[in-house]
């Protein structure tokens, strides 16, 4: 498995994709999987409403995403609990913006366009992953900090 990951990393970096960007794409894919699967489970299997399922699945994926971005993607270390708390607050604050974007897109597809909620969820994920990378890199896990 490690050889496969190394091969994929070398192939992507040879195509001009940086290692950090590749790690983010992997982490974003995993985060999207957590979000999408929990949403589908809640709406399709458990019969929970679309809006409640959306908020719960996004909230769970935000926590998962913080941990994976901090440790795997940006490899950011905090020296104090205060620094960690401030970083987490910035991360969650930024994600509240993209959470609103995601809820809006899903509502647009489901309520206005009368499409299946999973189509709206899939479309929203593309917008959210791109937005989250830009926000994380520029605001939360900036270079120049340890």
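Brief remarks follow.
- Selection status of residue 120, crowded, with 19+ Cβ neighbours inside 10 Å and closer than 15 Å to residue 50 by Cα: yes
- Of all residues in region 73-87, those being exposed (fewer than 14 other Cβ atoms within 10 Å of the Cβ) and part of a helix (DSSP H, G or I) number 4.
- Residue 116 being out of contact with any helix residue (DSSP H, G or I) (no Cβ under 6 Å at 6 or more places or on another chain), free of Cβ contacts under 8 Å to residues at least 24 places away in the same chain and closer than 15 Å to residue 39 by Cβ: yes
- Against the conditions (1) in a helix (DSSP H, G or I); (2) more than 20 Å from residue 139 (Cα to Cα); (3) without any contact (Cβ under 8 Å) to a residue 24 or more places away in the chain; (4) over 10 Å from the mean Cα position of the chain (by Cα), residue 47 satisfies every one except (1).
- Flag not set for residue 23, criterion: outside any helix (DSSP H, G or I), crowded, with 17+ Cβ neighbours inside 10 Å and at pLDDT below 90.
- Apart from one condition, residue 83 fits all of (1) farther than 26 Å from residue 21 by Cβ; (2) free of Cβ contacts under 8 Å to residues at least 12 places away in the same chain; the exception is (1).
The values are calculated or read from the model by the stated rules, or taken from the named source; none is laboratory data. Predicted, not measured: the structure shown is a model, and the values here were computed from it. With ideal geometry, Cβ positions are generated from the backbone for all residues, glycine too; neighbour counts draw on all protein chains shown.
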